[in-house]
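Scroll down for the structure; my scribbles are underneath it.
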Amino acid sequence: MRGRHWFGPLARAGLTMLALLLFATGGLLAQGVTTGQMGGFVTDLQGGPIQDATVVATHEPSGKAYGTSSRGGGAWNILNMRVGGPYRVVVTMIGYADYTETGVYLDLAQDLRLNFQLEVQAVEVEELAVEVEEHTVLNAGRTGAATFISEEQIEQLPALRRTFRDLARVDPRADENMAFGGRNWLYNNISLDGSYFNNAFGLDDPVPGGQTASEPIPFTAIEQVSVQVAPFDIRQGGFTGANVNIVSKSGTNEWKVAAYGFFRNQDLLGNNVNGEPVVANPDLNFGQYGLSVGGPIMKDKLFFFVNGEITRRDDPGTNFVASTGGSPGF
């Protein structure tokens, strides 16, 4: 009696679970495939496989299109396609005549095999012009934050002293004393055509000749200037301020001769300090004159460029005197 009491509920529960499983299994088995697929090979007339050919199958009643490209060996496949038809299958490839097959029907769960042979055909392609513009700031050739001054910019930028320092100060991290990022100018590295051009004595100017108020390279002879702070390029080092790289001009196959002169005097300067006039004595005279010649020595092989410059300057004095007895000194 006790066994029958326990077996009855367990048997009923087991039968119920078995029925549910059979029902679920039957439901799963009843879920069949609802689509079909196509596939095959694309070859030439000699049977050689054609890769990257475009295969487009269009279900004409609905206009739905399925597309793919042939793989290595010429094989192609399109899965999960709508059954029925008719389908229009078009195969295209540059250098081959288009192939079209119509009246294709696809049955349920069918894997329809369609092989296509394309005939070689000369195709005239319209001219395609591709323009590539390199970004001046973000490109693979940049190795850190840098400022580049081209020859065109050198000709357009105003320069009072006509020195490369006027160009280097275009970099927003520079001050008037050639200090970059707050670092003393003594820690800069200045190079001219790849050679070091620093002031070895570390006096009062970052380049040689600074104490004589002369420029070691004429402004007109500069072709490009670059200013780099903390570059990632391992070829550049030996400084903690900035690397100022100067490239001078070179000759070309075209002869070029240029003469220039720049002049200013006291009439081009302000004569008031804090509202008080300052008398220049003697007068200011500044003149900078030069001549450049460039051209070919051997056409397409050897060139020369020469730039000579002379500067004459008379700085004005002042009528300021030291203050004595509590009275103003001017």
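The values are calculated or read from the model by the stated rules, or taken from the named source; none is laboratory data. Only a predicted model underlies this, so the values are computations on that prediction, with no experimental measurement involved. Here the Cβ is made from the backbone with ideal geometry for all residues, glycine too, and neighbour counts use every protein chain on show. When the accessible area is computed, the model is the full protein with side chains, heavy atoms only, and any ligands, DNA or RNA have been set aside. Shrake-Rupley method; radii C 1.70, N 1.55, O 1.52, S 1.80 Å.
Side notes on the structure shown:
- Contact map, the range 254-273: residues that are surrounded by 12 or more Cβ atoms within 10 Å (Cβ to Cβ) paired with residues that are among the hydroxyl-bearing types (Ser, Thr, Tyr), Cβ distance under 9 Å, separation 6+ or inter-chain. Pairs shown: 256/292; 260/220; 260/289; 260/292; 262/289.
- Top-ranked residue in the range 75-111 [being more than 24 Å from residue 124 (Cα to Cα) and under 40 Å from the mean Cα position of the chain (by Cα); ranked as most open to solvent (accessible area, probe 1.4 Å)]: 77
- Restricting the first member to the range 161-173 and to residues that are closer than 19 Å to residue 263 by Cα, and the second to residues that are open to solvent by less than 30 Å² (accessible area, probe 1.4 Å) and among the hydroxyl-bearing types (Ser, Thr, Tyr), no beta-carbon pair is closer than 6 Å while six or more apart or on different chains.
- Any chance residue 238 is exposed (fewer than 12 other Cβ atoms within 10 Å of the Cβ), in a loop (DSSP other than H, G, I, E, B), at pLDDT below 85 and within 32 Å of the chain's Cα centre (by Cα): yes
- Residue check, residue 72 modelled with pLDDT under 90, over 40 Å from the mean Cα position of the chain (by Cα) and not in a strand (DSSP E or B): no
- Filter result for the condition that a residue is open to solvent by 70 Å² or more (accessible area, probe 1.4 Å), within 27 Å of residue 307 (Cβ to Cβ), under 32 Å from the mean Cα position of the chain (by Cα) and at pLDDT below 85, over 169, 162: 169
- The set of residues in the range 186-207 that are open to solvent by less than 50 Å² (accessible area, probe 1.4 Å) and at pLDDT below 80 comprises 197, 199, 202, 205, 206, 207.
- Number of residues in the range 242-253 that are free of Cβ contacts under 8 Å to residues at least 60 places away in the same chain and over 16 Å from residue 217 (Cβ atoms) equals 4.
Residue by residue, here is whether (1) in a strand (DSSP E or B); (2) in contact with a helix residue (DSSP H, G or I) (Cβ under 7 Å, 6 or more places away or on another chain); (3) modelled with pLDDT under 85 holds:
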residue: 220; (1), (2), (3): no, no, no
residue: 223; (1), (2), (3): yes, yes, no
residue: 227; (1), (2), (3): yes, yes, no
residue: 247; (1), (2), (3): yes, no, no
residue: 281; (1), (2), (3): no, no, yes
